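Undergrad: The following block contains the structure, expressed as structure tokens.
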Amino acid sequence: MTKLRPLIAANWKMNGNRDLAEEFSKKFSTQQLNNIDVVLCPPSVYLESLITQVAANQSVIKVGAQNISEQAKGAYTGETSTTMLLELGCEYVIIGHSERRSLFGETPELAATKYLVALQAGLTPILCTGESDEQRQQELTFKVI
């Protein structure tokens, strides 16, 4: 039986830039990460830059997207398909983040659909199951989870 490895995923949210992508890729190329996987999830406009930097620096980090569309293609302005992410070289994708749920009205059903779409495409989904920022501030984390 394969032993599971811990995973640390860093969601950049709507932060960062190309310089940060280069900095991270260089830092993790010189450090040996034993028995742990590190995934960086930058905004979509920086995915290609980060993936290019990771390859150029022979970095050990993996790259993930912050969201996917449940649709394969079509007239869905602003959406990103699994095919597009795979073509770039993404390996992971965040699904069901509390901000996607609260700000964009994404439901548990949509998160489940996106999860299956990611799996079927060959991406590794990172399913978020947690509290909102407000719930965390009210110390409701364990009640929500």
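Undergrad: Quickly run through the range 75-103 and pick out the residues that are part of a helix (DSSP H, G or I) and either over 17 Å from Ser44 (Cα atoms) or touching a Cys at 6+ places or on another chain (Cβ under 7 Å) (or both). If you could, list the steps in order and put the result at the bottom.
TA: So the first thing to find is which residues in the range 75-103 are part of a helix (DSSP H, G or I), and the list is 82-88, 98-103.
Selection gives Ser98, Arg101, Ser102, Leu103.
Undergrad: May I ask you to list pairs of residues, at least six apart or on different chains, whose Cβ atoms are under 7 Å apart, with the first in the range 1-22 being within 20 Å of Val60 (Cβ to Cβ) and the second being surrounded by fewer than 10 Cβ atoms within 10 Å (Cβ to Cβ)?
TA: So the pair list comes out as Arg5/Asn35.
Undergrad: Could you tell me which of the residues Tyr92, Tyr115, Tyr76 is aromatic (Phe, Trp, Tyr) and farther than 30 Å from Asn35 by Cβ? Before you say what the answer is, go through the steps one by one.
TA: On the way: Tyr92 fails: farther than 30 Å from Asn35 by Cβ; Tyr115 fails: farther than 30 Å from Asn35 by Cβ.
None of the other options fit; the residue is Tyr76.
Undergrad: Is there a residue being under 21 Å from Glu48 (Cα atoms), touching a helix residue (DSSP H, G or I) at 6+ places or on another chain (Cβ under 6 Å), at pLDDT 95 or above and not in a loop (DSSP other than H, G, I, E, B) anywhere in the range 126-135? Please lay out each step first, then the result.
TA: Going through the range 126-135, the residues under 21 Å from Glu48 (Cα atoms) turn out to be 126.
Narrowing the set further to residues that are touching a helix residue (DSSP H, G or I) at 6+ places or on another chain (Cβ under 6 Å) leaves none.
No, that holds for no residue.
Undergrad: Shifting gears a bit: Scan the range 42-62 residue by residue and report those that are in a loop (DSSP other than H, G, I, E, B) and farther than 20 Å from Leu7 by Cα.
TA: First pass over the range 42-62, keeping only residues in a loop (DSSP other than H, G, I, E, B): 42-43, 57-61.
Residue satisfying the conditions is Asn57 alone.
Undergrad: So, in the range 90-123, exactly how many residues are touching a strand residue (DSSP E or B) at 6+ places or on another chain (Cβ under 8 Å) and over 18 Å from Trp12 (Cα atoms)?
TA: 6
Undergrad: Under the condition of being of a type in the set (A, V, I, L, M, F, W, C) and surrounded by fewer than 18 Cβ atoms within 10 Å (Cβ to Cβ), which residue from the range 64-91 is nearest to Gln53 (Cα to Cα)? First the steps, then the outcome.
TA: Of the residues in the range 64-91, the ones of a type in the set (A, V, I, L, M, F, W, C) are 65, 68, 72, 75, 84-86, 88, 90.
With the extra rule that they be surrounded by fewer than 18 Cβ atoms within 10 Å (Cβ to Cβ), the set shrinks to 72, 75, 84, 86, 88.
Details: Ala72: 27, Ala75: 31, Met84: 18, Leu86: 17, Leu88: 12 Å.
Looking at the filtered set, the residue picked out is Leu88.
Undergrad: Among the residues of the range 100-145, what is the count of those that are exposed (fewer than 14 other Cβ atoms within 10 Å of the Cβ) and among the aromatic types (Phe, Trp, Tyr)?
TA: Selection size over the range 100-145: 2.
Undergrad: Okay, next question. So Ile8 clears everything in (1) touching a helix residue (DSSP H, G or I) at 6+ places or on another chain (Cβ under 6 Å); (2) assigned to a strand (DSSP E or B) except one condition, right? Which one?
TA: With (1) touching a helix residue (DSSP H, G or I) at 6+ places or on another chain (Cβ under 6 Å); (2) assigned to a strand (DSSP E or B) applied to Ile8, the lone miss is (1).
Undergrad: I've got another one for you. Looking only at residues that are over 28 Å from Leu103 (Cα atoms) and among the small types (Gly, Ala, Ser) in the range 1-30, which one is modelled with the highest pLDDT?
TA: Within the range 1-30, the first condition is being over 28 Å from Leu103 (Cα atoms), and the residues that meet it are 1-6, 19, 22-30.
Now drop any that are not among the small types (Gly, Ala, Ser), which leaves 25, 29.
Working: Ser25: 84, Ser29: 69.
Restricting to residues being over 28 Å from Leu103 (Cα atoms) and among the small types (Gly, Ala, Ser), the top hit is Ser25.
The values are calculated or read from the model by the stated rules, or taken from the named source; none is laboratory data. All of these numbers come straight from a predicted model, not from anything done at the bench. Positions of Cβ are backbone-derived with ideal geometry, glycine not excepted, and every protein chain shown enters the neighbour counts.
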